Amino acid sequence: MWSQTDAEKVRSSFKRINKIKLSNTASQLFENTILSIAHPPKGMDDKEFIDLKINWLIENKKIDLIEEFLKYNNTFPNKKKLIQYLVDSNIAKANIKKGCEKTSFLDKNIKDSYLDKFKIYCLVFNNKNNEAQLQLDILREENQSDDFFDDKINFLLGVTNKTSNKINEKNLLNFYLSSITIKNFDYKPTI
């Protein structure tokens, strides 16, 4: 369907559509069109074509559609971006249980320190401390951990009885870990 279309026309169509509010019917038609099984347009590789789709899904907060896309597509470029979006949207809502469920979309081919750290926190959250400690040790051996995360997880595991009061807002996971480990947590945004 897309293979005979010029790549620049597809790019500009996505830009135009991102600037307008589609009706429910138009949105449904667009979703069906972009998510159909198709070859990329002339002058565009598979990765860019999929990234256009992924970015549109994220920008339009199509969580149900993202989950359906992940369920039916096992391997594609930038899969971890969609999974991290689902995880982060649940962290932002403080729905850690649901966020942990989204890690089920991960497979052995995805190596991402952020998602690996979140999986470790999920083990702690679900009282699987021995498994969490083992996964943390592996993450450290792979040099994928950092002092902040180690400090917070060790505190949550009971390995240490105090933790830093530093608030880390580098990403949602670090901010969340700060909020649950700092007594009388008080945050004043700098921006």
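The values are calculated or read from the model by the stated rules, or taken from the named source; none is laboratory data. Owing to the predicted nature of the structure, the values given are computational and were not obtained by experimental measurement. Virtual Cβ from ideal backbone geometry, glycine too; neighbours counted across all protein chains shown. The protein model used for the area step is the full one, side chains on, heavy atoms only, and it has no ligands, DNA or RNA in it. Shrake-Rupley method; radii C 1.70, N 1.55, O 1.52, S 1.80 Å.
Residues in segment 155-189 that are β-branched (Val, Ile, Thr) and not in a loop (DSSP other than H, G, I, E, B) were compared, and the one that is farthest from Thr103 (Cα to Cα) is Thr181.
Being hydroxyl-bearing (Ser, Thr, Tyr) and open to solvent by 50 Å² or more (accessible area, probe 1.4 Å) is the filter here, so list the residues in segment 153-163 that pass it. Hit for segment 153-163 is Thr160, nothing else. Figure legend. Inter-residue proximity from segment 97-114: first residues under 17 Å from Gln144 (Cα atoms) and touching a residue at least 24 places away in the same chain (Cβ under 8 Å), second residues of a type in the set (S, T, N, Q) and surrounded by 11 or more Cβ atoms within 10 Å (Cβ to Cβ), beta-carbon distance below 6 Å, spacing 6+ or different chains. Indicated pairs: Ser113/Gln144.
Applying the set (1) at pLDDT 95 or above; (2) open to solvent by less than 70 Å² (accessible area, probe 1.4 Å) to Asp147 leaves exactly one unmet item: (2). Residues considered: Asn24, Asn18. Of these, the only one that is surrounded by fewer than 16 Cβ atoms within 10 Å (Cβ to Cβ), in contact (Cβ under 8 Å) with a residue 40 or more places away in the chain and over 24 Å from Thr75 (Cβ atoms) is Asn18. Tallying residues that are open to solvent by 30 Å² or more (accessible area, probe 1.4 Å), assigned to a helix (DSSP H, G or I) and at pLDDT below 85 within segment 33-50 yields 1. Tell me, yes or no, whether segment 80-88 has at least one residue that is farther than 23 Å from Phe30 by Cα and of a type outside the set (D, E, K, R). Yes - at least one qualifying residue is present in segment 80-88. For segment 131-138, the condition of being in contact (Cβ under 8 Å) with a residue 40 or more places away in the chain, surrounded by 18 or more Cβ atoms within 10 Å (Cβ to Cβ) and in contact with a Ser or Thr (Cβ under 8 Å, 6 or more places away or on another chain) holds for none of the residues.
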